[in-house]
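**Student:** Dropping a structure here in structure tokens format, bear with me for questions.
The values are calculated or read from the model by the stated rules, or taken from the named source; none is laboratory data. Since we're looking at a predicted model, the values are computed, not measured. No Cβ is skipped: glycine too gets one built from the backbone with ideal geometry, and neighbour counts run over all protein chains shown. Please note that ligands, DNA and RNA were not included when accessible areas were found on the heavy atoms of the full protein model with its side chains. Shrake-Rupley method; radii C 1.70, N 1.55, O 1.52, S 1.80 Å.
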Amino acid sequence: MRRIFAVLLIAAAAPSHAQQAPDFPHKSSYIIQLTSSQYASGLGDYLVPPLTRAFRKTGMRYEGGPGARYAATVETGSDVGRWYGTGSDARWLYTRSVTVGLSPADMDIEPGGKLTPAFSVTVTLITPNEDRVDELDCLIALATRELAARYEPTGHVLVTGRSCARKE
């Protein structure tokens with residue numbers, strides 16, 4: 001009985017490929033493609049580590065250079081904020097978004113300077129602080145999990161990021 005329990009516990013702790021879409025290329029190689037502005041601004045230092053961790057859990061293999069079959073992308077955004085609520089309950093909140101995309105590596109994903117992956121997932125979160133790194137990491141992980149679970153060769157999916165909100 002203990003052995004069965006231990007095996008079940010290990011299976012539950014391992015990355016689950018069962019939550020992946022049938023067409024998700026879980027054994028394929030990928031590169032991370034940053035835009036020139038992400039690279040020049042240093043934003044990549046905040047985007048690449050959580051994206052790499054998240055993709056590692058999908059079963060895809062990172063291949064740093066030519067030869068990868070897919071290109072993974074990540075893009076972040078935030079509005080200027082607005083008031084939510086009324087009176088003494090009013091709070092200034094921001095809508096923050098993260099889009100994780102996956103495309104064939106030979107595809108031009110920046111036509112006309114606009115990042116346009118073949119398939120992507122955008123996760124949005126309403127937050128009091130659009131610069132929290134823990135929320136950013138969580139949004140990237142969530143977008144990547146959803147990308148694997150809902151993958152199709154082309155398309156775009158919107159998902160709420162409420163589970164990534166800071167706990168007050």
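**Student:** Per residue, how many Å² of accessible area does the chain show with a 1.4 Å probe?
**Tutor:** 60
**Student:** Within the range 17-168, what whole-number % of the accessible surface is contributed by carbon and sulfur, with the 1.4 Å probe and all protein chains included in the calculation?
**Tutor:** 52
**Student:** Suppose we keep just the DSSP beta bridges with both residues in the chain; what percent of those would be antiparallel, to 5?
**Tutor:** 65
**Student:** What are the extents of the Cα atoms of the chain along their three principal axes, listed from largest to smallest and rounded to whole Å?
**Tutor:** Extents along the principal axes, in whole Å: 56, 54, 27.
**Student:** Just to verify a number: what accessible area does residue 60 come out at with the full protein assembly present, 1.4 Å probe, Å² rounded to tens?
**Tutor:** 10
**Student:** Moving on. Please give the charge dipole size of the range 53-126, origin at the Cα centre, charges +1 on K and R Cβ atoms and -1 on D and E Cβ atoms. Round to the nearest 20 debye.
**Tutor:** With only Lys, Arg, Asp and Glu charged at Cβ, the dipole is about 340 debye.
**Student:** Taking only the Cα atoms of the range 51-147, how large is their convex hull per residue, in Å³?
**Tutor:** Taking the convex hull of the Cα positions in the range 51-147, it is 114 Å³ per residue.
**Student:** Still on this structure, please answer the following. From the residues 80, 44, 65, which one has its Cα farthest along the dipole of the range 40-89 in the positive direction, the dipole being from +1 and -1 charges on Cβ of Lys/Arg and Asp/Glu about the Cα centre?
**Tutor:** Farthest towards the positive end: 65.
**Student:** Rounding to the nearest 20 debye, state how big the charge dipole of the chain is about its Cα centre with +1 on each Lys and Arg Cβ and -1 on each Asp and Glu Cβ.
**Tutor:** Dipole about the Cα centre, nearest 20: 780 debye.
**Student:** When all protein chains stay in place, what accessible area (Å², nearest 10, 1.4 Å probe) is found for residue 91?
**Tutor:** Accessible surface of residue 91 is approximately 100 Å².
**Student:** Hey, another quick one. With the Cα gyration tensor of the range 106-155 giving a ≥ b ≥ c as the square roots of its eigenvalues, does the rule (a/c under 1.5 for rounded; else a/b larger than b/c for prolate; else oblate) give rounded, prolate or oblate?
**Tutor:** Cα axes put the range 106-155 in the oblate bin.
**Student:** Would you tally the net charge around residue 132, using a Cβ to Cβ cut-off of less than 10 Å, leaving residue 132 out, and scoring K and R as +1, D and E as -1? Numbers along the way, then the final one.
**Tutor:** On the way: positive: 96, 166; negative: 130, 131, 134, 135, 137.
Net local charge, residue 132 excluded: -3.
**Student:** Here's something else I'd like to know. Which of the aspartates and glutamates could be linked to residue 114 by a straight reach, that is with a Cα gap under 15 Å, when you skip same-chain ones fewer than 8 residues away?
**Tutor:** Once the sequence-local aspartates and glutamates are set aside, what remains near residue 114 is 75.
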